[in-house]
Structure formats: structure tokens, C-alpha cells
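K.L.:
Take this structure first; my questions come after.
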Amino acid sequence: MSYDPSNIFARILLGELPCKKIAEDEHTLAFEDINPQAPVHILVIPKGSYVDWSDFTRNASDVEQSAFTKMIGHVANIAGITDSGYRVISNSGNDGHQEVPHLHMHVLGGAAIGPMVSKR
Ligand code: DGP
């Protein structure tokens, strides 16, 4: 899948759409999910144009990948869920049910999240 520069998260990065920012650094932005699935539901995105996890791990620099990973732990700390626990999910592609084609990690917590996936 090639990167669509008009996707919603690209527009948030450009400042064309608002977000409730949690944290930011040179390479990464974290903000609240518009449709939270848990008391804490934060999205962490790279500022670079990466479609999904495969694209990011193949093409992002080590500095970008390091910043992204650290930001996940950082926002969990900001949200106060480090001790109670949380889940980090990235939906990728069709089978992963990815809706927005810009890499994002969901950080979910603030209550028991339940089983990892529903059984089929
Ligand atoms: P996914 O299915 O993994 O691609 O999840 C996309 C998530 O993005 C979903 O949980 C809802 C969230 N989302 C969609 N549009 C917006 C938006 O405009 N602002 C914010 N903050 N989140 C959005």
C-alpha cells in the first residue's frame, strides 16, 4: 500500500485537523483517540509518512524507531497506567483491520482490557 498524504493523521500532523495532544517530540506525536475503547486510549504516530508497521520497520531510521518506542512508554507514564497495566496494539493492513493508513499504536488502559482478541 502506498502512503496517502490526505489521510486523517497526516492532516492532524499538518495542523489541518485538531487533536487532544498528550505528548510530542521531533519524530513522534501522541494524542487521544476520538472514539476511545477504554478509559485511556492514546494513539502514538510517527511524524514521518509510514503506512504501517512493516513500512516503518523497513524504512524509518533507527532514531525514528527509537523515539516511537520510547513515546509509547512515556505516554503510559503520563496517563498513570504504568503500574496498573495496559495494552499496545497496531492494526496493520486488511486482516489487521487498519482503518487509518498512517502507522499508529493504540495504548489502551485505565481498566481491565479483556481478552486479546475475540475467538472466532
Ligand atoms: P485503526 O482501526 O487501527 O486504523 O484505528 C484508527 C483509530 O483512529 C480509531 O480508533 C479511531 C481513530 N480516529 C479516527 N479518526 C480520528 C480523528 O480524526 N482524530 C482522532 N483523535 N482519532 C481518530
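K.L.:
Where the second residue is surrounded by fewer than 17 Cβ atoms within 10 Å (Cβ to Cβ) and of a type in the set (Asp, Glu) and the first is under 15 Å from residue 110 (Cα atoms) and lies in segment 26-51, which pairs have Cβ atoms under 9 Å and are six or more apart or on separate chains?
P.N.:
40/32; 41/32; 42/32; 43/32
K.L.:
Taking the condition surrounded by 13 or more Cβ atoms within 10 Å (Cβ to Cβ) and part of a loop (DSSP other than H, G, I, E, B), does residue 15 pass? So that I can check it myself, show each step before the final result.
P.N.:
Details: surrounded by 13 or more Cβ atoms within 10 Å (Cβ to Cβ): no; part of a loop (DSSP other than H, G, I, E, B): yes.
Taking the combined requirement at face value, the residue does not satisfy it.
K.L.:
Which ones in segment 32-78 are of a type in the set (Asp, Glu), in contact with a Leu (Cβ under 6 Å, 6 or more places away or on another chain) and more than 14 Å from residue 88 (Cβ to Cβ)? Before the answer, list the steps.
P.N.:
Here is the first cut: in segment 32-78, the ones of a type in the set (Asp, Glu) are 32-33, 52, 55, 62, 64.
Now restrict to residues that are in contact with a Leu (Cβ under 6 Å, 6 or more places away or on another chain): 33, 52.
Selection gives 52 alone.
K.L.:
Does residue 31 satisfy the criteria of being in contact with a Lys or Arg (Cβ under 8 Å, 6 or more places away or on another chain), closer than 30 Å to residue 115 by Cα and surrounded by 14 or more Cβ atoms within 10 Å (Cβ to Cβ)? First the steps, then the outcome.
P.N.:
On the way: in contact with a Lys or Arg (Cβ under 8 Å, 6 or more places away or on another chain): yes; closer than 30 Å to residue 115 by Cα: yes; surrounded by 14 or more Cβ atoms within 10 Å (Cβ to Cβ): yes.
Yes: the conditions hold for residue 31.
K.L.:
Next up: When you look at residue 102, is it surrounded by 14 or more Cβ atoms within 10 Å (Cβ to Cβ) and either hydroxyl-bearing (Ser, Thr, Tyr) or in a loop (DSSP other than H, G, I, E, B) (or both), yes or no?
P.N.:
On the way: surrounded by 14 or more Cβ atoms within 10 Å (Cβ to Cβ): yes; either hydroxyl-bearing (Ser, Thr, Tyr) or in a loop (DSSP other than H, G, I, E, B) (or both): yes.
Against the criterion (surrounded by 14 or more Cβ atoms within 10 Å (Cβ to Cβ) and either hydroxyl-bearing (Ser, Thr, Tyr) or in a loop (DSSP other than H, G, I, E, B) (or both)), residue 102 qualifies.
K.L.:
Residue check: is residue 83 away from the ligand (no atom under 14 Å from the Cβ) and either touching an Asp or Glu at 6+ places or on another chain (Cβ under 8 Å) or part of a loop (DSSP other than H, G, I, E, B) (or both)? First the steps, then the outcome.
P.N.:
Values: away from the ligand (no atom under 14 Å from the Cβ): yes; either touching an Asp or Glu at 6+ places or on another chain (Cβ under 8 Å) or part of a loop (DSSP other than H, G, I, E, B) (or both): yes.
Criteria met by residue 83.
K.L.:
Out of curiosity, is residue 77 modelled with pLDDT of 95 or more, within 16 Å of the chain's Cα centre (by Cα) and assigned to a loop (DSSP other than H, G, I, E, B)?
P.N.:
On the way: modelled with pLDDT of 95 or more: yes; within 16 Å of the chain's Cα centre (by Cα): yes; assigned to a loop (DSSP other than H, G, I, E, B): no.
Taking the combined requirement at face value, the residue does not satisfy it.
K.L.:
Filter segment 1-58 for residues that are basic (Lys, Arg) and in contact with an Asp or Glu (Cβ under 8 Å, 6 or more places away or on another chain); which is nearest to the ligand (Cβ to nearest atom)? Reasoning before the result, please.
P.N.:
First, pick out the residues of segment 1-58 that are basic (Lys, Arg): 11, 20-21, 47, 58.
If we keep only those that are in contact with an Asp or Glu (Cβ under 8 Å, 6 or more places away or on another chain) too, we end up with 20, 47.
Details: 20: 7, 47: 15 Å.
Per the criteria, the residue is 20.
K.L.:
Looking at segment 75-120 only, could you name the residues that are without any contact (Cβ under 8 Å) to a residue 12 or more places away in the chain and either under 20 Å from residue 47 (Cβ atoms) or among the acidic types (Asp, Glu) (or both)?
P.N.:
Within segment 75-120, 83, 95, 99 qualify.
The values are calculated or read from the model by the stated rules, or taken from the named source; none is laboratory data. Model, not experiment: these values are computed from the prediction. Glycine also receives a Cβ, built like all others from the backbone with ideal geometry; neighbour counts cover every protein chain displayed.
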